Amino acid sequence: MNNSEPIIQVKNLVAKYSEKTILDDISVDINRGEITVILGSSGCGKTTLMKNILQLQRPASGQIKVFGYDLTQIDEMDYQAIIRRIGVLFQNGALLNSVDIFDNISIPIEQHTKLPKEIIKKIIEVKLHLVNLSHAIYLNPSELSGGMRKRAALARAIALDPDILFCDEPSAGLDPLTSASLDELIINLKKQLNMTVVVVTHELASIHRIADKIIFLDSGKLLFYGSLKEAKKSGIEQIDTFFKVGSF
Amino acid sequence: MKKVHENSENLFVENKKILLKGDIDKFTVPLLWKQLSQINDLTGIEIIDLKHVTSIDSAGSLFIEEIASTIKDQNNLDLPIDKLYQNVTKDINDTIKVFSQTDVKTYSRKRKDPFFVLVGDLVISFITSLHEIMILASDVFYWAILGIWRKKGARKGSFTQQSLLIGMEAVPIVALLSLIIGLILSLQAAVQLRMFGADIFIADMLGYAMLTEMGAMMTAIIVSGRSGSSIASEIATMKVSEELDALKMMSINPIRYVIVPKFYAMSVCMPLLVILSIIIGILGGVFVAILYLNISATAFYNQLLNVLTLKDLLITMIKSTFFGWSIVIIGSFYGLKVEGGAEGVGKATTYSVVTSIITVIIIDVIFSLLYLP
Ligand SMILES: Nc1ncnc2c1ncn2[C@@H]1O[C@H](COP(=O)(O)OP(=O)(O)OP(=O)(O)O)[C@@H](O)[C@H]1O
Ligand SMILES: [Mg+2]
């Protein structure tokens, strides 16, 4: 694939829970090296969109292309190879509760590389340093606060230097300062490592800091896709309200 | 798909320089690490040349930094690490900066305690557990006795609901297992008794065994497995998800609201289940007596009346009530004690089942002493 092609292509995606349609005919392209923010009211299907792209949920119909490969058609081996190049931060962190933070991050590294122990340890220390959580390295997830768990999960998501990073509400439950430092990290990952980032968030401050592109979902439809400036100028009622109500 | 190149030779030493080539990433570093450790003497080297490095990731970046700091150490150089790098492109420099170890704080893992400390901890925690169980038991008894008069603070309908759960739903399994045990015991005995022509004593043997031991024991073990585990996991889940704290903040005593209904239900259901078990176990024996030993049901019945005494029945009832109480209290204890997240719930359940079965057996031993002359 060439580098100008969108890294993620969603075509006519329909997602359902049993009979209820959650996402209706979504088509959107996500560009390489950009931070794309998914917006929309609570329960509108942001997490569902993310899970459908990752094939954690099977789309009812439609096509999902990542790195140019159609994930709905691909075989298991190729799917695994693609997934290894993707990092995911789940909405509730999803750390493995039975092992400490060190092992949470080392497990994917040990499973997928033959790196020596010394380097693995350094990788873990650096990744935790990046999310500002160095001191928690040998604690268990149950000993962390909600926000700390989020950050540890982010460190795990970037353990293997993914090409694409998905974050489901990285800053929910964090104070403005920590939230800002995570945004800075995400911007750094994009700028310096050329990572493509897809973020679900509600925080206006965060959106202003990081968003290159915005996907706005409303009752299962794609209402808008474009840059933040375009979004504000679009004149779409729901988007205007979103930015107005949020900016107190 | 990107192929992994496990390249052969991409680390060279050339007059005072270390030369790196190609992709330095998580797939190539393992081999480079081996090559580096074969060299192992880096004295005299002053430069790491990165001219031919095509790409790099965190593993590569940390690997290069590791070489640099080894060079610094072995040559007693006193300069910032990045002065050692030569011909670094902007991309690679950016990556190295992002993952730089220089201001990373490191922590070391807490060392494992020595063996005797572990054993000591185990003993201490056992003793404190005993103490805590006693406190919990007295709390439960207090609220249970108080609850007989004061209905306020108890959940409506919870006793019925718990009785269905602990009692009714256990009926099929208790009945089935008791029948099988009755059949097995009497079949085994029948063969032996027949040799002595003492066929009729099968009623004595089975009646006595079921009444004094097997009925209560079987039921207690089944109930520990069924209800003890569900009590522990229910309470543990409530604890983990802060439901118990929420109850407290509503000024509702969790022991009264959650545990006491189970305690009542168990106090009633356990003896009833035991009686059921005894009756069905003996019925199993009747089958064997009639079909295998050709003893009539009336003869069996008359013989049975000789051994079954009210005193034994009473002791068994009391014993089974104790069994039931210990199952509730131990289940609740491990449920309340749970720490951490969801994985704590599983542990609590396991501990509760194991401990309550052991406790049931200990209580049984104590009651057996009552039978000694
Ligand atoms: N397992 C499920 N079964 C049935 N319906 C579900 C399930 N999970 C989610 N839904 C429904 O799908 C819709 C979208 O859920 P989703 O989790 O994608 O929302 P979201 O946009 O991520 O919301 P939030 O911002 O609150 O996280 C919701 O209306 C929800 O009721
Ligand atoms: Mg969500």
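Panel values: segment B:206-261, Kirkwood radius from alpha carbon pairs, Stokes-Einstein at 37 °C and 0.692 mPa s, translational diffusion coefficient 245 µm²/s.
Could you report segment B:6-62's accessible area per residue, 1.4 Å probe, as an integer in Å²? If you can, show how the numbers build up before the last one.
Details: 2640 Å² over 57 residues.
Accessible area per residue: 46 Å².
Sequentially through segment A:220-226, phi angles give Karplus couplings (6.51, -1.76, 1.60; θ = phi - 60°) of x, 10, 7, 8, 7, 9, x Hz, Gly and Pro residues having no value and appearing as x.
Pairing chain A with chain B buries about 2800 Å² of accessible area. This figure sums both sides and uses a 1.4 Å probe.
Within segment B:16-55, whose backbone N sits under 11 Å from a point 7 Å along Cα→Cβ of B:K83? Output list for this probe position: empty.
Relative contact order for chain B using alpha-carbon pairs under 8 Å, separation at least 6, rounded to a whole percent? Contact order relative to length: 18 percent. At an R0 of 56 angstrom, the distance between the Cβ atoms of A:V245 and B:S368 translates into a FRET efficiency of 0.15. Charging the Cβ of each Asp and Glu at -1 and of each Lys and Arg at +1, and nothing else, the dipole of the protein assembly as shown about its Cα centre rounds to 1040 debye. Using equal-weight Cα scatterers in the Debye expression, the normalised intensity of the protein assembly as shown in log10 at q = 0.05, 0.12, 0.13 Å⁻¹ is -0.40, -1.17, -1.27.
Computed over segment B:11-98, the range of Cα coordinates on each principal axis works out to 28, 26, 20 Å, biggest value leading.
Span-like helix criteria (full DSSP H runs; alpha carbon extent of at least 30 Å along the helix axis; mean Kyte-Doolittle hydropathy of at least -0.5) are satisfied in chain B by B:115-149, B:171-196, B:260-291, B:310-337, B:342-369.
Note: relative contact order over segment B:11-98, using C-alpha pairs below 8 Å and six or more positions apart, is 33 percent. What percentages make up the Cα-Cα pair-distance distribution of segment B:170-301 when the bins are 10 Å wide from 0? Spelled out bin by bin, segment B:170-301 gives 12, 33, 21, 15, 10, 7, 2, 0 percent.
Proximity of backbone amide H atoms, modeled 1.01 Å from N, is registered between A:A60 and A:V14, A:A15, A:K16 at under 5 Å, excluding neighbours fewer than 5 places apart on the same chain.
Per residue, the solvent-accessible area of segment B:117-370 (1.4 Å probe, heavy atoms of protein chains only, all protein chains present) comes to 51 Å².
Wrap a convex hull around the Cα atoms of chain A, take a quarter of its surface area, and give that in square nanometres.
Numbers: hull surface 55.9 nm².
Taking a quarter of the hull surface, the average projection is 14.0 nm².
Kirkwood analysis of the Cα pair distances in segment B:38-78 returns a hydrodynamic radius of 11.2 Å. If R0 is taken as 25 Å, the Cβ-Cβ distance between A:Q111 and B:T54 corresponds to a FRET efficiency of 0.45. Each Cα pair under 8 Å and six or more residues apart adds its separation to the average, and for segment B:235-373 the resulting relative contact order is 35 percent. Centroid-to-centroid, using Cα positions, segment A:21-96 and segment B:238-303 are 51 Å apart.
For B:D113 and B:S69, FRET efficiency with R0 = 22 Å and r from the beta-carbon atoms, rounded to 0.05?
On the way: r = 33 Å, r/R0 = 1.49.
Efficiency, rounded to the nearest 0.05: 0.10.
For the protein assembly as shown, the carbon plus sulfur part of the accessible surface works out to 60%, probe radius 1.4 Å.
Annotation for segment A:134-236: GluC sites (Glu not before Pro) lying in DSSP loop with at most 13 further Cβ atoms inside 10 Å of their Cβ do not exist.
Taking only the C-alpha atoms of segment B:29-164, the Rg (one decimal) and the largest Cα-Cα distance, Dmax (whole number), read 31.9, 90 Å. Based on Cα atoms of segment B:272-373, Rg over Rh with Rh as the Kirkwood radius reads 1.17.
Once you have the Cα-Cα distance between B:M250 and B:T128, take 0.36 nm times their residue separation minus that, and quote the gain in nm to one decimal. Intermediate results must be reported in sequence, preceding the final value.
Values: separation 122, 0.36 × 122 = 43.92 nm, distance 2.95 nm.
Length difference between fully extended and current span is 41.0 nm.
Annotation: amide H of B:V53 within the under-5 Å range of B:G22, sequence separation 5 or more or interchain, hydrogens built in the peptide plane.
Could you tell me whether segment A:76-212 comes out rounded, prolate or oblate from its Cα gyration tensor? Rule is a ≥ b ≥ c as square roots of the eigenvalues, rounded for a/c under 1.5, then prolate if a/b exceeds b/c, otherwise oblate.
Numbers: a/c = 1.65, a/b = 1.21, b/c = 1.37.
In terms of gyration-tensor shape, oblate.
Apply the a/c threshold of 1.5 to the C-alpha gyration tensor of segment A:27-77 and tell me whether it is rounded, prolate or oblate. Verdict is oblate for segment A:27-77. For segment A:119-172, the equivalent ellipsoid built from the Cα gyration tensor has semi-axes of 17, 16, 8 Å, listed from largest to smallest. Heavy-atom accessible surface of segment A:116-204, averaged per residue, reaches 34 Å², computed with a 1.4 Å probe.
Apply the Kirkwood formula to segment B:117-370: the hydrodynamic radius equals the inverse of the mean of 1/r over all pairs of different alpha-carbon atoms; give it in Å with one decimal. Its Kirkwood hydrodynamic radius stands at 19.7 Å.
Within the listed set A:I53, A:I123, A:I101, the residue fluctuating most in the Gaussian network model of chain A (springs between alpha-carbon atoms under 10 angstrom) is A:I123.
Within segment B:85-189, the percentage of alpha carbon pairs spaced more than 18 angstrom apart rounds to 80%.
Proximity of backbone amide H atoms, modeled 1.01 Å from N, is registered between A:V199 and A:T36, A:V37, A:I38, A:C167 at under 5 Å, excluding neighbours fewer than 5 places apart on the same chain.
The values are calculated or read from the model by the stated rules, or taken from the named source; none is laboratory data. Note that this is a predicted model, so its numbers are computed, not measured. Cβ sites come from the backbone with ideal geometry, for glycine too, and all protein chains shown count toward neighbours. The area values use the complete protein model at the heavy-atom level, side chains included, leaving out ligands, DNA and RNA. Shrake-Rupley method; radii C 1.70, N 1.55, O 1.52, S 1.80 Å.
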